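Note sheet for the following structure.
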Amino acid sequence: MASKIDITTYNGNIINGAFVSTPTTRHSIDPATGEPLYEVPVASKADLEDAVSHARAAFKTWSLTTHEERSALMLKYADAVEANHADIAKLLTMEQGKPISLSNKEVTMSIHWLRTFATMQIPEEVLEDDEERTIYSTHPPVGVVGAIVPWNWPVLLGLGKVGPALMTGNTVIVKPSPFTPYCDLKLGELAMPIFPPGVFQVLSGEDSLGPWMTSHPDIDMISFTGSIPTGKRVAASCAQTLKRCVLELGGNDAAIVCGDVDIAKCMPKIATMAFLNSGQICMCAKRIYVHESIYDEFRDAMVEFTKKNIKTGGGFEDGVVVGPVQNSMQFELVKGMYAEVEKCGWKVALEGKVRSSGKGYFIEPAIIDNPPEDSQIVREEPFGPIVPLMKWSSEEDVIGRANALRTGLGTSVWSKDVANAEKMARQISAGSVWVNSHFDVAPNVPFGGHKESGIGMEWGIEGFRHFTNSRSLWVWKKIFE
Ligand code: NAD
């Protein structure tokens, strides 16, 4: 029977299988109410040193475990997360702001991810095998992995690093965002009775902790998800010790809607993917290009759909799709984007209101009507519930515009002519491209970005490979005969 955790208290960082409290604590804010949540630890440099040395010690034995042994523990851990599903989802809504239905979905996805990771193994290849010699391609783990997690999907993106890191034989130290440390600490707590000490540790800290990790000589790899500017800092810091790093960064996804679509059928998915998690998803539809022949009809249908179905409110209210923006810094940033709408005189199809009463960071969805291609709302990732619609007429032109930015995370193409949509999709430079969908992800499918949206992939066997070194093993069999 998996253990139940108490989501209402502070216990400490998780170092070497034990709670370690810190002299200083801090808290984050519930973005729906502006009220402080409970205190969490502030890891010191000495705490990091401890965690790294325990991770190194644990690596010696963990890296020698078999796939079956790791898999059994991963499944046990997935059961423990499942036994606490409702509590983790509640805590997620409290710290992140997302609607409880979406928190439940994130926890369900995370459990499915863990169970799938438990079945995945990088195949060992025999490159050559004859009487004289056998040559293998093998994939030993990298060592100690630092997993740096953002605030928008702290459960899925945290466990999405832990699962592959551990299944490939590494030990892992998770660092949550200071905005959302609660669930990740509890996920570490759930791992304590399951994994050997030092294998899965969690350190919550302040802004200084990330740079300490990326520059630490005894951390062998950083798996980072976050913004592009931070990703560049992480890469520069990792370069000092030639640490491996996988960077999953920001995006500004295009959705290309062709003239032959059935608007009513694709609208629920496109509109929801523009505003889900208050637009705070790396792969939201952030630039929607609509064929000029259906532009007006599509715009009006999107406004109608959004008004009717995309309700803004606190995450525990019924039927809410757009919760609060996660933190005050992001709130100011999105508010600035809304202010820009008026200043630049962009046409507005749906005016999203910034709610200034109350303490929560609420902003209603906004739809901008055909702004210039070089406007800020088209070129920059807003990470809020605001989306521009633009007109297109030729395929070559729209593909060029979709590919024009320095980001390349995801893009979707929508058409009844699936073969032609696929032809268009194959011309897109992005880590994920969908035909007649947006934001599909799966634990067995690699996920990552082109250009400044990232380096390397997560998930899938390709993602697993990034947590390993490539080792060619030459075995000569007859030399002493
Ligand atoms: P962020 O870059 O501000 O922070 C991400 C993490 O990095 C946090 O844990 C933070 O504490 C840590 N950090 C900050 N400075 C650091 C430094 N110098 N060295 C090491 N670590 C440091 O990102 P965020 O605001 O938490 O997340 C939002 C961004 O993440 C958006 O741009 C979004 O598109 C992107 N994102 C990308 C993906 C993806 O998979 N590609 C997924 C989710 C979010």
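The values are calculated or read from the model by the stated rules, or taken from the named source; none is laboratory data. None of the values given here were measured: they were computed from a predicted structure. Neighbour counts run over all protein chains shown; Cβ positions are idealised from the backbone, glycine included. In case anyone asks, the SASA skips ligands and DNA or RNA and just uses the protein heavy atoms, side chains included. Shrake-Rupley method; radii C 1.70, N 1.55, O 1.52, S 1.80 Å.
Quick look at the values:
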quantity	calculated
Dipole moment magnitude, nearest 20 debye, the chain about Cα centre, only Lys, Arg, Asp, Glu C-beta charged	560 debye
Sequence-distant residues sharing a close amide H with VAL348 (under 5 Å, placed H)	ASP369
Over 31 Å (Cα to Cα) - which of LYS335/LYS423; LYS98/LYS416; LYS175/LYS286; LYS76/LYS232; LYS391/LYS451; LYS76/LYS265 fall in this group	LYS335/LYS423; LYS98/LYS416; LYS76/LYS232; LYS76/LYS265
Dimensionless Rg ratio for region 202-283, taking C-alpha atoms and the 2.2 N^0.38 Å reference	1.58
Whole-angstrom gap from region 312-334 to region 378-405, using each part's C-alpha centre	25 Å
Mean separation of Cα contacts under 8 Å (6+ apart) over length of region 254-442, as relative contact order %	28 percent
Relative contact order computed over the chain (Cα-Cα under 8 Å; 6+ residues apart), in percent	18 percent
P(r) histogram, all alpha-carbon pairs of region 332-374 included - 10 Å bins from 0, percent	26, 55, 17, 2
Separation of alpha-carbon centers, region 142-187 and region 1-58, rounded to whole Å	13 Å
In degrees, nearest ten, helix 228-240 long axis to first principal axis of the chain (Cα)	20 degrees
Probe 1.4 Å, protein heavy atoms only - accessible area per residue of the chain in square angstrom	40 Å²
FRET efficiency for HIS67 and LYS347, using Cβ-Cβ distance with R0 set to 41 Å, rounded to 0.05	0.10
For the chain, convex hull volume per residue from C-alpha positions, Å³	156 Å³
DSSP bridge pairs, region 254-442: antiparallel proportion in percent, nearest 5	15 percent
Region 294-303 - phi-based ³J(HN,Hα) in whole Hz, Karplus 6.51/-1.76/1.60, Gly and Pro as x	10, 4, 5, 5, 5, 4, 5, 5, 5, 4
Dimensionless Rg ratio for region 392-481, taking C-alpha atoms and the 2.2 N^0.38 Å reference	1.59
Inter-label distance for ALA442 and LYS76, nm, one decimal - labels placed 7 Å from Cα along Cα-to-Cβ	3.0 nm
Computed over region 254-442, the ratio Rg/Rh where both radii use C-alpha atoms and Rh is Kirkwood	0.95
Radius of gyration, Dmax [region 346-410; alpha carbons; angstrom]	14.3, 47
Fraction of accessible area attributable to carbon and sulfur, the chain (%, probe 1.4 Å)	54 percent
For region 270-376, alpha-carbon Rg over 2.2 N^0.38 Å	1.07
Hydrodynamic radius by Kirkwood, which averages 1/r over all alpha carbon pairs of region 14-128, in angstrom	17.3 Å
Amide H partners (placed H, <5 Å) of GLY198, local residues excluded	ASN16, GLY17
Amide proton proximity set for GLY408, modelled H, under 5 Å, gap of 5+	ASN252, HIS450, GLU452, SER453
Residues listed by number, region 359-393, amide nitrogen under 19 Å from TYR10 label point at 7 Å toward C-beta	none
